[in-house]
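Sending over a structure as structure tokens; questions will come in a sec.
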Amino acid sequence: MREIAFNRVSFFEIYYNQLVDNGIIDPRLALGLLGAVLLLLIVQLYYYLGVYGRLPRYRNNRGIDPQTVPPPVSVIVVARENSYYFIEHTLPLLLGQQYHQYEVVVVDCSYDEEIGLLLNEAAAIYPHLRLTRINAQPNYEHSIKLAITVGIKAAAYEHMVFTTVDSYPTSERWLSLMAKGFIGGNVVIGYCGIEIRKGFANRMIRCNRLATSVRYLAAAIRGRAYRGISHNIGYTKSLYFAHKGFNHLNMNIGDDDLFIQTIATPTNVSIIMNPHATVRQMQYGGLGWWHAMRKTLTYAFRYYPRGIRTSISFELWSRMLFFLTAIAAIILLPPWWKIIPALFLLLRLLIVELKIWRIGKRLGERKLAGTYILYDLTSPLGECFLALSRRLRPNRAVWR
């Protein structure tokens, strides 16, 4: 034991003396930099190997009899103005799902007679399409939460899956996979990616959606669900009414996160990770459009439980500090010692790329590896800019 301790001391003495002889940097500062890089690397590995690392091998059907028949389902979607594309393209996809018993409930909030006529024509063709309408009122715009509540009351079945007019299922098996989630829980959380287009902006937006989804999916798997996504989520009617409907009624957001925090427990949430269960949200603009949309939706973050806010923020800040300290070490350390922080950077990059590739494969996200490197490096700054933008230029559309 004494010999081992002596060898360890000798190694650090040699390292220290080399730094002194080099004369470029104070040895204590050099050792401190390397220690900080190593500590922050351990924090990052905890997230990507421990917290997010469970996603690729997660299965929601363990312990469930394969002969169990999933329940009948009501699909609820709210149609607002300019829903012509939805009626022509997306609604047939919803009505053509391969599932034994379901209905599609469309809440017409468009206040447009032509949209109402088109929906009635579709209802005459598809017997499992149900329509309900909210009439316009002078000087008052109905909230999305009210419209969803109307759809819930109109639904014929206990189990409900929610989607939106600006998203579409990527497979005819989407509903059957989401419905199977109800066998294991009263809350079903799915994934919604951004539609795949050409261009750098699309790849960066898809990386951002994937990264944020990884956080809440991983939390749900650990029994700490704090959000879903309004384009692909489900829960039961009795659970909704047992909690007296949506909370935060003074906000136009929060139906897929603040409400989920109310109804979710460690044992009643089922997570669906399957490429055929993925829906895609349509992209209406570039990075500016994406920033504006996220700026609105992330106003709810301040109302999250402290533990969730701390976990999300800590991962982002530790990532930023890791990059900064590693770069500082590469710049300031003597030539031969630059290899150590560079190897730490490379190790983290390889692990993150491998995990994101495996998770993306489960969710139907492919060919993002190269772009994700750039997103991974820049996203902490992007989140800081987003938070600063919310403070300096508040969006009044969030509030009713």
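The values are calculated or read from the model by the stated rules, or taken from the named source; none is laboratory data. What you are looking at is a predicted structure, and each value in this text was computed from that prediction instead of being measured. Cβ placement follows ideal geometry from the backbone for every residue including glycine, while neighbour counts extend to all protein chains displayed. The protein model used for the area step is the full one, side chains on, heavy atoms only, and it has no ligands, DNA or RNA in it. Shrake-Rupley method; radii C 1.70, N 1.55, O 1.52, S 1.80 Å.
Just need a number here: residues in the range 186-217 that are among the small types (Gly, Ala, Ser), outside any helix (DSSP H, G or I) and open to solvent by 10 Å² or more (accessible area, probe 1.4 Å).
Let us first name the residues in the range 186-217 that are among the small types (Gly, Ala, Ser), namely 190, 193, 199, 201, 211, 213.
This time we only want the ones that are outside any helix (DSSP H, G or I), so: 190, 193, 199.
Narrowing further to those that are open to solvent by 10 Å² or more (accessible area, probe 1.4 Å): 199.
The number of residues fulfilling the criteria is 1.
Let me ask something else about it. Would you say residue 198 is more than 16 Å from residue 267 (Cβ to Cβ) and without any contact (Cβ under 8 Å) to a residue 24 or more places away in the chain?
Values: more than 16 Å from residue 267 (Cβ to Cβ): yes; without any contact (Cβ under 8 Å) to a residue 24 or more places away in the chain: yes.
The answer is yes for residue 198.
Assuming residue 61 fulfils every condition listed in (1) more than 24 Å from the chain's Cα centre (by Cα); (2) closer than 30 Å to residue 151 by Cβ; (3) surrounded by fewer than 20 Cβ atoms within 10 Å (Cβ to Cβ) apart from one, which condition is it?
Only one criterion is unmet by residue 61, namely (1).
This table checks each residue for (1) in a helix (DSSP H, G or I); (2) out of contact with any helix residue (DSSP H, G or I) (no Cβ under 7 Å at 6 or more places or on another chain); (3) within 18 Å of residue 207 (Cβ to Cβ).
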position	(1), (2), (3)
267	no, yes, no
298	yes, no, yes
325	yes, no, no
330	yes, no, no
353	yes, no, yes
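Same structure, new question: With the structure loaded, tell me whether residue 361 is over 19 Å from residue 47 (Cβ atoms) and either assigned to a helix (DSSP H, G or I) or at pLDDT below 95 (or both) or whether it fails that test.
Values: over 19 Å from residue 47 (Cβ atoms): yes; either assigned to a helix (DSSP H, G or I) or at pLDDT below 95 (or both): yes.
In short, yes.
May I pose another question? From 157, 168, 140, grab the single residue that is at negative phi, without any contact (Cβ under 8 Å) to a residue 40 or more places away in the chain, of a type in the set (Phe, Trp, Tyr) and open to solvent by 40 Å² or more (accessible area, probe 1.4 Å).
140
Looking at residue 227, is it of a type in the set (D, E, K, R), within 18 Å of the chain's Cα centre (by Cα) and in a helix (DSSP H, G or I)? Don't jump to the end; show me each part of the working.
Working: of a type in the set (D, E, K, R): yes; within 18 Å of the chain's Cα centre (by Cα): yes; in a helix (DSSP H, G or I): no.
Judged against the criteria, residue 227 is not a match.
Results for (1) within 28 Å of residue 277 (Cα to Cα); (2) at pLDDT below 95; (3) assigned to a strand (DSSP E or B); (4) within 30 Å of the chain's Cα centre (by Cα), shown as yes or no for each residue.
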residue	(1), (2), (3), (4)
90	yes, no, no, yes
93	yes, no, no, yes
99	yes, no, no, yes
105	yes, no, yes, yes
111	no, yes, no, no
114	no, yes, no, no
135	no, yes, no, no
142	no, yes, no, yes
148	yes, no, no, yes
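Give the range 230-244 a look and list any residue that's open to solvent by less than 10 Å² (accessible area, probe 1.4 Å), of a type outside the set (Ser, Thr, Tyr) and either part of a helix (DSSP H, G or I) or over 17 Å from residue 297 (Cβ atoms) (or both), or say none.
Across the range 230-244, the qualifying residue is only 234.
Among the residues of the range 71-88, which ones are within 21 Å of residue 283 (Cβ to Cβ), open to solvent by less than 30 Å² (accessible area, probe 1.4 Å) and more than 23 Å from the chain's Cα centre (by Cα)?
Initially, the range 71-88 is screened for residues within 21 Å of residue 283 (Cβ to Cβ), giving 77-88.
Imposing the further condition that a residue be open to solvent by less than 30 Å² (accessible area, probe 1.4 Å) reduces the set to 77-79, 83, 86-87.
Those that are within 21 Å of residue 283 (Cβ to Cβ), open to solvent by less than 30 Å² (accessible area, probe 1.4 Å) and more than 23 Å from the chain's Cα centre (by Cα): 79, 83, 86, 87.
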